[in-house]
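S.K.: Would you mind keeping the following structure in view while I ask a few things?
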Amino acid sequence: MPQVQGKVALVTGAASGIGAACARTLAREGARVLLTDLDDARGEALAAAIREAGGEAAYLHQDVTEEDRWAEVVAAAEQRFGRLDVLVSNAGIGIMTSIVDMTLADWRRQMAINVDGVFLSVKHSIPAMRRAGGGSIVLISSVAGLRGSAGLAGYSASKGAVRLFAKSVALECARENIRCNSVHPGIIETPIWEKIPVGAAGSGRNAPLDPRAIALASVPTGVLGQPQDIADGVLFLASDQSRYVNGSELVIDGAQTAGRVGSIARP
């Protein structure tokens, strides 16, 4: 039997990258999926592709920082599919710059999307999950939410907030059959690398970031992760196979955060 047969899932930032992989995977495994994003062309195309493959999916335009829209999106999920069982709060942005060069406007924009958007997603999804008798909340954080990184102080702060928020949600909903976990991707091949401004202030760069080169230098396996690697982990957390996993971090990073790679002296 498909792993999430009969469940209804809401995926934000679903038009591309990790969000798109999560939407496709959940639909393939039996979930009815509501996709949201700002990229309407890609979002509509993905929903259509899922339907053509035999799944059930719909797309809605959404700015995750707007609270009124959250009420509308959750209501739409219940009206169209009858319930809400799974939330994948994936929408986020990355801004790379030094602390002294980062503007307050950019700091607030990143926090609004990466933290406020996650807060609103959970706030408005929990009542629907209560009505459904339970659910699974999956918050997409990052390895940057586990450790610091020069040039990514603001991003790390936002993703660290998501990590601890997930734990608090898990505790608050522990007796309501609603689980909450965070997922921490490593270096993954997604469009986010193309969206980081070239030559951002303080970055010391004048060319786009190359995720493959970064993976080769910082991931012990030397392998660049793929969105499907993250989607497979999200599927596990969304399914009943993870019924006893709650308030935890699922790190999917090719051992990037495990420690420093070195050689072992042999006799």
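S.K.: List every residue whose amide H lies under 5 Å from the amide H of Glu189, counting only residues 5 or more places away in sequence or on a different chain, with H placed 1.01 Å from N in the peptide plane.
M.R.: HN-HN under 5 Å from Glu189: Gly225, Gln226.
S.K.: Spelling out what I want: for every residue of the range 28-33, take phi, set θ = phi - 60°, compute 6.51 cos²θ - 1.76 cosθ + 1.60 (Karplus), and round to whole Hz; glycine and proline get x.
M.R.: 4, 8, x, 7, 8, 10
S.K.: From the backbone phi of the range 177-194, what are the Karplus-calculated ³J(HN,Hα) couplings (6.51 cos²θ - 1.76 cosθ + 1.60, θ = phi - 60°) in whole Hz, Gly and Pro given as x?
M.R.: Ordered by residue, 3J(HN,Hα) equals 6, 10, 9, 9, 9, 10, 10, 10, x, x, 7, 10, 6, 9, x, 4, 5, 6 Hz.
S.K.: Ranking request for peptides 133-144, 149-160, 15-26: highest mean number of other beta-carbon atoms within 10 Å first, then the rest in descending order.
M.R.: On the way: 133-144: 23.3, 149-160: 19.7, 15-26: 26.1.
Ranking the peptides 133-144, 149-160, 15-26 by packing returns 15-26, 133-144, 149-160.
S.K.: On average, how much accessible surface per residue is there in the range 43-188, in Å², for a 1.4 Å probe, leaving out ligands, DNA and RNA?
M.R.: Accessible surface, normalised per residue, equals 43 Å².
S.K.: What nm distance separates the two modelled labels at Arg108 and Arg130, each placed 7 Å from Cα along Cα→Cβ?
M.R.: 3.2
S.K.: If you roll a 1.4 angstrom probe over the protein chains with everything in place, what fraction of the accessible area of the chain belongs to carbon and sulfur, to the nearest %? Show your work: numbers first, answer last.
M.R.: Values: 6750 of 12880 Å².
Carbon plus sulfur share of accessible area: 52 percent.
S.K.: Please report, in debye to the nearest 20, how large the charge dipole of the chain is about its Cα centre when each Lys and Arg carries +1 at its beta carbon and each Asp and Glu carries -1 there.
M.R.: Values: 26 positive and 27 negative charges, 152 e Å.
Charge dipole, the chain, about its Cα centre: 740 debye, nearest 20.
S.K.: For Cα pairs less than 8 Å apart in space and 6+ apart in sequence, what is the mean separation divided by the residue count of the range 55-125, i.e. the relative contact order in percent? Intermediate results must be reported in sequence, preceding the final value.
M.R.: On the way: 47 pairs, mean separation 31.6, N = 71.
Relative contact order here is 44 percent.
S.K.: May I pose another question? Helix 67-81: angle to the longest alpha-carbon principal axis of the chain, degrees 0 to 90, nearest 10?
M.R.: Rounded to the nearest ten degrees, it is 50.
S.K.: Would you kindly derive the ³J(HN,Hα) couplings of the range 114-127 from the backbone phi angles with the Karplus curve 6.51 cos²θ - 1.76 cosθ + 1.60 (θ = phi - 60°), listing them in order in whole Hz, with x for Gly and Pro?
M.R.: My calculation for the range 114-127 gives 7, 10, 4, x, 5, 4, 5, 4, 6, 3, 8, 8, 4, x Hz in order.
S.K.: May I pose another question? Just add up the charged neighbours of Ile126: K/R +1, D/E -1, any other residue whose Cβ is under 9 Å from the Cβ of Ile126.
M.R.: 0
S.K.: Put +1 on the Cβ of every Lys and Arg and -1 on every Asp and Glu Cβ in the range 1-133; which of Ala31, Ala77, Ala20 then has its Cα farthest towards the positive end of the dipole?
M.R.: The listed residue farthest towards the positive side: Ala31.
The values are calculated or read from the model by the stated rules, or taken from the named source; none is laboratory data. As the structure is a computational prediction, the values presented were derived from the model and not from experiment. Glycine gets a Cβ as well: all are built from the backbone with ideal geometry, and neighbour counts include every protein chain shown. Remember, those area values only see protein heavy atoms, side chains included, never the ligands or the DNA or RNA. Shrake-Rupley method; radii C 1.70, N 1.55, O 1.52, S 1.80 Å.
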